[in-house]
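> Structure provided below as C-alpha cells; questions to follow.
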Amino acid sequence: MTPASTRSSDSEPSHPRDASASTGPVHLLELTPEELSARLSRHFEARRQPEFRVDQVRKWVYESSVSSIGEMSNLPLTEREALAAAFRLAEPEAATVSRSKDGTVKHLWRLEDGKVVESVLIPAESRLTLCISSQAGCAMGCTFCATGWSGFSRQLSAAEIVAQYRASRRWAEEHDYGSITNVVYMGMGEPLSNRKAVHPSLTILNRGFGLGARRITVSTVGVVPGIAELAARPEQFELALSLHAPESELRRTLIPLEKRHPLPELMEAIRAFREGKGRRVTFEYTMIRGINDAPRLAPMLADLARDVQAFVNLIPFNPIPYQDWRPSTPDRVDHFRRALEEAGVSVAVRAPRGQDIDAACGQLRANALVQIAK
Ligand code: SAH
Ligand code: SF4
C-alpha cells in the first residue's frame, strides 16, 4: 500500500487573493488588518456612521472572543444587523475536544462543508504553543504521516486557518491555559502548498492578532518556491524543514516531493533563507526504527545542519494506523543526539506529547512536533 497519490499543488500562483471576488458576506477573519480597516471604513461611511466604529469592530475581531457580530454590544442594534448583512464571523464548530493527561488539547474542527481539520494546544513551561492546519488532508503523500496517507481534500481559506487560532484562544482563556505564545503550522497539510491562504493568514496573526513573527513557525517538507517566497517577506517568520533523511535516495522513499525538489536544491533554498533572514532554521527529523536511524546517517545529518547552522529536533516516530513502523530505540535516538552535539550542532529530543489522545482519535499525529525551543 502506498499513500494517496501525490498531487502536488506547489506550483500554485501566490498572488494575494482578491477578497472582493468572493460572493456573499465577506469573512472578517479573511481580511488582512489593512483590508479590514478599508472595508469597514467604506461600510460605515456609506451608513454615515462615525469613523470610530472601525476601531470598535477591529477590537471585537482581534481582541475579543465573541463568535458572532450580534455580540458586538457597543454597536447599535441596527449597525450590528447591517454589519452582519455585509460581513460574517463564522467559526468552525468543535467536533471533538480531547485533552491529554499531559495537558495537550486537540480540537477537531468541523468546517462549513463538513471537512474536519485539527489544531493542538501544547502547554510547556512558560509557553502555550498552538499547532494549526493549513489544508484539509495533504497531497504530499509522505509515507510516515497519517495525513499523507489520507490524501488531499482541499485548501483551507485564510479565515479557516486564522479561525483555528481565534477559537483556540477562546478555549485557552476559558480553561485557564493562559495566552497562546507561539503558533506553528504543523497540523494537517503542507502550508507552502497553500501560499495563497497561508501568506494572508501569517499577516493577520502577526499584524492583526499581534503575535510576533518570531513566534510563528511555518513547517515545510521542502516546497522550494514557497521557501523563497517566505524568505522574501519582510517579517521574520520562523522556518522548520521536515528533513527526515540526510541523503536524497533515502529521503525520496519517505517524501515523494524529494523527487521534485531534491536535497541539494532544498539546501540551497534553506541557505538563502538563512542568509537573507539571519534566522536559524530548524530541521525536524522523525526517527523511525530501521528506516532512517542507521548510525552512518548521523554524521551526514550533522553536516547538513552545520552547513546552514540549523537547530535539529529529533522526534521519535509516532506510530500511525497505516503501517507497522516503530519509533527508534532510545539508544539510537541518543546516538544521534550525541553525534550532533559532538559536531557542534544544537539539538533537542522531543518527547511525544498527547499520545493518549492521538491514539483515541486514531488519526493524525500532532505528537510532540512542536515545541521548537530556541
Ligand atoms: N507538511 C508540513 C507540516 C505538517 S507535518 C511538514 O511536513 O513539515 C508536521 C510535522 O509532523 C512534520 O515535521 C512531519 O514530518 C511530522 N510528522 C508527520 N507524521 C509523523 C509521525 N508519524 N511521527 C512523527 N512526526 C511526524
Ligand atoms: Fe503532508 Fe507534512 Fe504529512 Fe508530508 S509530513 S504528508 S507534507 S502533512
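The values are calculated or read from the model by the stated rules, or taken from the named source; none is laboratory data. Here the structure is a predicted model, which means the values were calculated and not measured. All Cβ positions, glycine included, derive from the backbone under ideal geometry; neighbour counts span all protein chains shown. Heavy atoms of the whole protein, side chains included, go into the accessibility calculation; ligands, DNA and RNA do not. Shrake-Rupley method; radii C 1.70, N 1.55, O 1.52, S 1.80 Å.
> With a sphere of radius 9 Å drawn around the Cβ of Val349, what net charge do the other residues whose Cβ falls strictly inside it have (Lys, Arg +1; Asp, Glu -1)? Please list the in-between numbers first.
Working: positive: Arg337, Arg350; negative: Asp334.
Computed value for this residue: +1.
> Under 5 Å between amide hydrogens, which residues at least 5 positions from Val26 or on another chain qualify, with H placed 1.01 Å from N in the peptide plane?
Phe87, Arg88
> Ordering Cys131, Cys145 from largest to smallest accessible area (1.4 angstrom probe), what's the sequence?
Numbers: Cys131 0, Cys145 25 Å².
Result, largest first: Cys145, Cys131.
> Please give the peptides 346-353, 28-35 ranked by average Cβ packing (other Cβ atoms within 10 Å per residue), highest first, as a rough proxy for protection.
Values: 346-353: 18.1, 28-35: 20.4.
Sorting 346-353, 28-35 by mean packing, highest first, produces 28-35, 346-353.
> What's the local net charge at Glu81, with K and R +1, D and E -1, over the other residues with C-beta under 14 Å away? It would help to have the intermediate numbers written out before the result.
Values: positive: Arg47, Arg53, Arg80, Arg88; negative: Glu71, Glu79.
Spelling it out: positives minus negatives among the neighbours equals +2.
> Let's see if you can work this out: charge +1 on each Lys and Arg Cβ, -1 on each Asp and Glu Cβ, no other charges. What is the dipole magnitude of segment 21-81 about its Cα centre, in debye to the nearest 20? Show your work: numbers first, answer last.
On the way: 8 positive and 10 negative charges, 34 e Å.
Roughly 160 debye, rounded to the nearest 20.
> Could I ask something else about it? In terms of solvent-accessible area of protein heavy atoms at a 1.4 angstrom probe, what is the ranking of Lys277, Lys101, highest value first? Write out the running numbers ahead of the final one.
On the way: Lys277 20, Lys101 180 Å².
Largest accessible area first, the list is Lys101, Lys277.
> In debye, nearest 20, what is the charge dipole magnitude of the chain about its Cα centre with +1 on Lys and Arg Cβ and -1 on Asp and Glu Cβ, if you could check?
Numbers: 47 positive and 45 negative charges, 35 e Å.
Dipole magnitude for the chain comes out near 160 debye.
> Would you calculate the separation in nanometres between label points at Glu235 and Arg48, each defined as 7 Å from the Cα along the Cα-to-beta-carbon direction?
So the label points at Glu235 and Arg48 sit 3.9 nm apart.
> Rule-of-thumb check for the chain: C-alpha Rg over 2.2 N^0.38 Å?
Here the answer is 1.01, to two decimals.
> Suppose all protein chains stay in the model; what accessible area per residue would a 1.4 Å probe give for the chain, in Å²? Let's see the in-between values first.
Details: 15000 Å² over 374 residues.
Solvent-accessible surface per residue comes out at 40 Å².
> Follow-up. Below 8 Å, C-alpha to C-alpha, sequence gap of six or more: please give me the relative contact order for the chain in percent.
It comes to 16 percent, rounded to a whole number.
> For segment 295-363, what's the relative contact order in percent, using C-alpha pairs closer than 8 Å and at least 6 residues apart?
Value for segment 295-363: 42 percent.
> Note the full-extension length gain between Ala85 and Glu174 as 0.36 nm times their separation in residues minus their Cα-Cα distance, in nm to one decimal.
Length gained, Ala85 through Glu174: 29.1 nm.
> Please give the calculated 222 nm ellipticity per residue for the chain, where each DSSP H segment of at least 4 residues contributes -39500 (n - 2.57) and the sum is spread over every residue; nearest 500 deg cm²/dmol? Write out the running numbers ahead of the final one.
Numbers: 12 runs with 128 residues, N = 374.
It lands at -10500 deg cm²/dmol.
> How much accessible surface area, in Å² rounded to 10, belongs to the heavy atoms of Trp60 with a 1.4 Å probe?
40
> Right, here's the next one. How would segment 22-88 be classified by its alpha-carbon gyration tensor: rounded, prolate or oblate, with rounded meaning a/c under 1.5 and the a/b versus b/c comparison settling the rest? Kindly include the intermediate steps, with their values, before the conclusion.
Working: a/c = 1.17, a/b = 1.03, b/c = 1.13.
Rounded, since a/c falls under 1.5.
> Summarise the accessible area of segment 22-88 (1.4 Å probe, protein heavy atoms) by the percent that is carbon and sulfur.
Working: 1780 of 3410 Å².
Answer for segment 22-88 is 52 percent, counting heavy atoms of protein chains only.
> Tally up the carbon and sulfur contribution to the accessible surface of segment 93-373 as a whole percent, 1.4 Å probe, everything protein left in place. Walk me through the numbers on the way to the answer.
Numbers: 4940 of 9940 Å².
C and S fraction of accessible area: 50 percent.
> Something else now. So how much accessible area does Ser126 have, in Å² to the nearest 10, using a 1.4 Å probe?
Surface accessible to solvent at Ser126 totals approximately 110 Å².
> Same structure again: Rank these by accessible area, largest first, 1.4 Å probe: Arg58, Arg195, Arg296. Don't skip to the end; give the middle numbers.
On the way: Arg58 60, Arg195 15, Arg296 135 Å².
So, going from the largest accessible area down, we get Arg296, Arg58, Arg195.
> Sticking with this structure for a sec: Where both partners of a DSSP beta bridge lie in segment 93-373, what percent of those bridges are antiparallel, to the nearest 5?
Values: 21 of 43 bridges.
Beta bridges within segment 93-373, antiparallel portion: roughly 50 percent.
> Tally Lys/Arg at +1 and Asp/Glu at -1 over every other residue whose Cβ is under 13 Å from the Cβ of Phe44; what's the total? Provide the component values of the computation, followed by the final result.
Numbers: positive: Arg39, Arg42, Arg47, Arg48, Arg53, Arg58, Arg80; negative: Glu45, Glu51, Asp55, Glu79.
Result for the local shell: +3.
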